[in-house]
Structures are given as structure tokens and as C-alpha cells.
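Engineer: First the structure, then my questions, so here it is.
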Amino acid sequence: MAAFLCAYTLIATEKIHRVAAALGGAGIDWNVIFLLLGMMITVEC
């Protein structure tokens, strides 16, 4: 859960690139990967 919150915070504040933040949280769980992917797609549209 901490890795998800950290990745979400980094994406929201844009301190680092979104892809880098997503890859940092990607090793946690496939559900998290798809959640981050869905959030990035939703934000971009």
C-alpha cells in the first residue's frame, strides 16, 4: 500500500515523470499496474 501511495503522490505532484513513477510501483501487483495505467489514460483524455 505504501508503494502505491508513493507512486500516486509522485504522479500527482509530477516531481518525476509519470512513467518512472508507474514503473517504480509496477513490481507490487498486477492490480496496481492496471490501476495506474487506467489513471494515466483517464488523466490524459
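Engineer: Here are the criteria: (1) in contact with a helix residue (DSSP H, G or I) (Cβ under 8 Å, 6 or more places away or on another chain); (2) of a type outside the set (Asp, Glu); (3) exposed (fewer than 15 other Cβ atoms within 10 Å of the Cβ). Tell me which single one Ala7 does not satisfy.
Structural biologist: (3)
Engineer: Within segment 17-45, track down each residue that is surrounded by fewer than 12 Cβ atoms within 10 Å (Cβ to Cβ) and in a loop (DSSP other than H, G, I, E, B).
Structural biologist: Hits for segment 17-45 are His17, Gly27, Cys45.
Engineer: While we're on this one: Anything in segment 11-31 that is of a type outside the set (Gly, Ala, Ser) and under 8 Å from the mean Cα position of the chain (by Cα)? List them, or say none. Before the answer, list the steps.
Structural biologist: Restricting attention to segment 11-31, the residues satisfying the condition of being of a type outside the set (Gly, Ala, Ser) are 11, 13-19, 23, 28-31.
The answer is Ile11, Arg18, Val19, Leu23.
Bear in mind these aren't lab numbers, they're just calculated from the coordinates by the rules spelled out. Predicted, not measured: the structure shown is a model, and the values here were computed from it. All Cβ positions, glycine included, derive from the backbone under ideal geometry; neighbour counts span all protein chains shown.
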